[in-house]
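Data block below; observations after.
Where a number appears in this text, it was derived from the coordinates with a stated rule and is not lab data. This structure is a prediction, so every number in the text was calculated from the model and none was measured. Because the Cβ atoms are built from the backbone with ideal geometry, glycine has one as well, and the counts that use them run over all protein chains shown.
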C-alpha cells in the first residue's frame with residue numbers, strides 16, 4: 001500500500017522502468033567522479049597515487065558518454081527483449097572499454113614516467129567494471145533464456161575483454177607487466193593448478209559416487225557417512241593440510257622409494273578429495289532419492305534385474321543432480337587449490353602467497369584472476385552439459 | 001494358470017494374507033477387490049514375486065514361482081500400476097519396448113510391436129511414438145502403461161488399480177479398452193481394484209477379500225444376487241444394488257424382436273442400467289432398439305427391466 005501511495009502516483013516512478021539499472025547508473029556516476037580510476041606508483045611494491053577519471057592524461061574518457069547514455073535510455077525504455085539485449089551488449093562492451101581506457105592511460109603515462117613506474121587499475125575502475133558486468137548480467141537474467149543458452153551468454157559477456165587482453169591493449173598495465181616478467185612461472189602454475197583439480201576430482205568421483213549409491217540404499221549408513229563428511233567440511237582447509245603432513249611424512253619414511261611426501265601434491269590432493277566428497281556423495285544420494293518410486297516399481301515388476309534397474313533407470317535419472325553436485329565441487333576445488341600452495345603443492349596459489357609476502361598486489365591479482373576465470377568457465381561448461389542432458393529428456 | 005495353496009504372508013507379526021487358496025484359470029479376468037488393508041495388492045505382488053510369500057505355495061503354469069528366476073517370471077507377466085511409472089527419460093516407444101528389449105527382440109520386431117500396441121490403445125503411432133511421458137495427459141500415460149505391460153505378449157497381465165488415478169471419462173474409456181483386449185486376446189488378467197463398479201463391469205470373476213481371506217468368490221451376478229454375508233452387501237452398497245444388478249444385463253437380453261416404438265433408438269449393447277437412464281430422461285416407457293450396424297431390432301418396454309431378474 002505504501003508503495004502504491006508513493007510509487008504509482010509520482011511521475012518518476014511511472015518513467016523509471018528498470019530500477020536495478022537506475023541504481024547501478026547512480027552508483028557508477030558517484031564512483032566515476034569520486035574514486036581513482038587508475039593508480040600510478042613509483043615501482044611495483046609501493047602504494048600508488050590515484051588519478052580520477054576526469055584527470056586522465058589520455059583522452060578517451062569522453063567515449064564513456066556513449067554507453068552511459070545508452071544505459072540511461074534503458075532505465076526509461078519499455079522492458080522489451082530488445083532493450084535487455086542492448087543493455088547486455090552495452091554492459092559487456094563497457095566492461096572492456098573501461099579496461100581499454102586504463103590500458104591506454106598506462107601507455108600514455110609510461111612515456112613520461114621512469115621505467116620502473118607502474119600504472120594499475122584504481123578502485124574506481126574495478127567498481128565501474130563490476131557495475132557494468134552487473135548491468136549486463138541483470139539484463140541477461142531478464143531475457144529469460146533457457147539454462148544452456150543463459151550460461152553461454154554469460155560466458156560471452158567476457159569475450160570483448162578477452163579480445164582486448166589478447167590483442168595487447170592492456171600490456172602497459174602493471175598486472176600485465178607482472179605477467180610478462182613471470183610468464184613461465186604463470187604457465188607452470190596454471191598447468192599445476194589444473195593437475196591438482198584433476199587429481200582431486202578423479203578419486204573424489206571414484207570414491208564419492210559408490211558411497212553416494214550406498215548412502216541412498218542404506219539410510220543408517222547414509223546418516224553416519226554424512227555426519228563424518230560434514231565434520232570434514234568444517235575443518236579449515238589450512239588445518240586439514242597441516243594435519244596430513246605428519247601421517248604422510250611418517251608414511252614416507254616407512255615406505256621410502258614410493259614417492260610419498262608430507263608436503264607437496266599428495267597431501268593437497270588428499271585434503272581436497274576429502275572436501276570434494278560431501279557434494280559428490282550428496283549429489284549422488286539425492287539424485288537417486290528423487291528417482292520416482294513408481295518407475296522403480298514398474299522396472300522391477302517388468303523384470304529388470306537390480307543391475308539393469310540401476311544402469312537403465314536410476315543412473316540416467318540421477319545424473320542431472322549428480323552433475324550439479326559436481327559443478328559445486330569443481331568450483332570449490334578450483335578455489336581451495338589456491339590454499340594448497342601453502343604446503344608446497346604449487347598452482348596459482350603460489351603466485352598469490354608470493355605476492356602477499358612481498359605485498360605486491362598485482363602479483364596477488366595475477367594468481368587470483370585466472371582462478372576466478374577458470375571457475376567461471378568450468379561452471380558454465382558443466383551447466384551446458386547439464387542443460388544438454390535435460391534437453392534430451394524433454 | 002495361477003494357483004495359490006494355503007498361502008500366508010505376515011508383515012511385522014500381522015497377517016496380510018491368511019491361509020488363502022485361489023485358482024485362476026486361463027482366460028479369466030479376475031478382479032481382486034476389497035477395502036484398503038484387505039491384502040489384495042499383496043496377493044497380486046506374490047504372483048510375480050515382488051512380495052515373497054511366507055507359507056504355502058504359489059504356482060504359475062503348474063510350477064512354483066520360486067523355481068523361476070524373478071526376472072524370467074516377471075517378463076512372462078505384464079505389470080501395470082496405478083502410479084503408471086513410465087520412465088521419464090525414455091520416449092513412448094522406448095518405454096513400451098522395455099520388456100522386448102530385455103528379451104532381446106530385434107529392432108524391427110520391436111518397432112512393429114510398438115506401433116501395433118499404440119494403435120491398439122487408441123494412440124496414433126506417428127504422433128505419440130517420439131513423445132516423452134511428461135508431454136502426455138494422465139489418460140494417455142496409462143494407455144502407454146498398459147501398452148508397455150502388453151508389449152512382450154505376456155501369458156498373464158497383472159494390474160494394480162491401473163485406472164484408480166484417472167478422471168471418470170478416461171477411466172471408463174480405458175476400462176472399455178481393457179474389456180476389448182481381454183475379449184480379443186483371451187489373456188488371463190488379474191486386476192486389483194477397490195472400485196466395485198469397475199470389478200462388476202470388467203471381471204468374469206470377482207474375489208472379495210477381507211483381512212487376507214476370501215469372503216466371496218464368484219461371478220459378478222453371484223456377488224450381487226447372493227452376497228455371502230452382510231459385509232459383502234455393505235461393500236457392494238445396498239442403496240445401489242438394484243442399479244448394479246441392471247448393469248449386469250444388456251438390452252439385447254430383453255428386447256421384443258420386431259416390435260416398433262417411437263423416438264430415437266438405443267443400441268442393443270447398452271446395459272439395462274443405461275437404458276433405465278434413457279427411459280427416465282425421455283419420460284417414456286417404450287424405446288426402439290437397433291443392433292450393432294444400426295438396423296432396427298425391436299423395442300423394449302420399461303416393465304421389461306424388471307422381467308426375470310437374476
Relative contact order for region B:249-306, counting Cα pairs under 8 Å that sit 6 or more residues apart, in percent: 41 percent
Length added when fully stretched, residue B:222-residue B:243, from 0.36 nm per residue minus Cα-Cα: 6.1 nm
Length released on extending from residue A:146 to residue A:116, taking residue separation times 0.36 nm less the Cα-Cα span: 5.9 nm
Relative exposure of A:125, A:25, judged by other C-beta atoms within 10 Å (fewest first): A:25, A:125
Region A:2-173: C-alpha pair distances exceeding 25 Å, %: 40 percent
Cα pair distances in region B:35-180, grouped into 10 Å bins until the bin that holds the longest one, percent each: 11, 39, 34, 15, 2
Largest to smallest principal axis extent of the C-alpha atoms in region A:348-393, angstrom: 53, 13, 7
Size-normalised alpha-carbon gyration radius of the protein assembly as shown, reference 2.2 N^0.38 Å: 1.41
Listed peptides A:150-157, A:256-263 by packing density, highest first (mean Cβ within 10 Å): A:150-157, A:256-263
Base-10 log of normalised Debye intensity for chain A (one unit scatterer per alpha-carbon) at q = 0.09, 0.12 Å⁻¹: -0.73, -1.09
Region B:2-243: relative contact order as a whole-number percent, Cα under 8 Å and 6+ apart: 28 percent
Kirkwood hydrodynamic radius of region B:9-65, Cα pairs, Å: 12.3 Å
Chain B - convex hull of the alpha-carbon atoms, volume per residue in Å³: 156 Å³
Inter-site label distance for residue A:63 and residue A:171 at 7 Å from Cα along Cβ, in nm: 1.8 nm
Within 10 Å of each Cβ in A:289-301, the average number of Cβ atoms from other chains: 6
For region A:206-247 versus region A:269-326, the gap between their alpha-carbon centres in whole angstrom: 18 Å
Pairwise FRET efficiency - residue B:72 versus residue A:377, Cβ, R0 = 45 Å, nearest 0.05: 0.35
Pairwise Cα inverse-distance average, inverted: Kirkwood Rh of region B:249-306 (Å): 10.8 Å
Within the protein assembly as shown, percent of DSSP bridges classed antiparallel, to nearest 5: 60 percent
Peptide A:303-313 - average C-beta neighbours from other chains (10 Å radius): 4
C-alpha center-to-center spacing [region A:154-173, region A:13-71] in angstrom: 19 Å
Inter-label distance for residue A:306 and residue A:202, nm, one decimal - labels placed 7 Å from Cα along Cα-to-Cβ: 3.0 nm
Modelled FRET efficiency - R0 35 Å, residue B:277 with residue B:229, Cβ distances, 0.05 increments: 0.70
Sites residue A:156 and residue A:228, calculated FRET efficiency, Cβ-Cβ separation with R0 45 Å, nearest 0.05: 0.60
Neighbouring partner chain Cβ atoms per residue of B:74-81, average, 10 Å criterion: 4
Neighbour-count ranking [beta-carbon atoms within 10 angstrom, fewest first] of B:132, B:79, A:179: B:132, A:179, B:79
Per-q log10 I(q)/I(0), region A:295-394, q = 0.19, 0.23, 0.25 Å⁻¹ (Debye; single scatterer per alpha-carbon; no solvent): -0.90, -1.08, -1.16
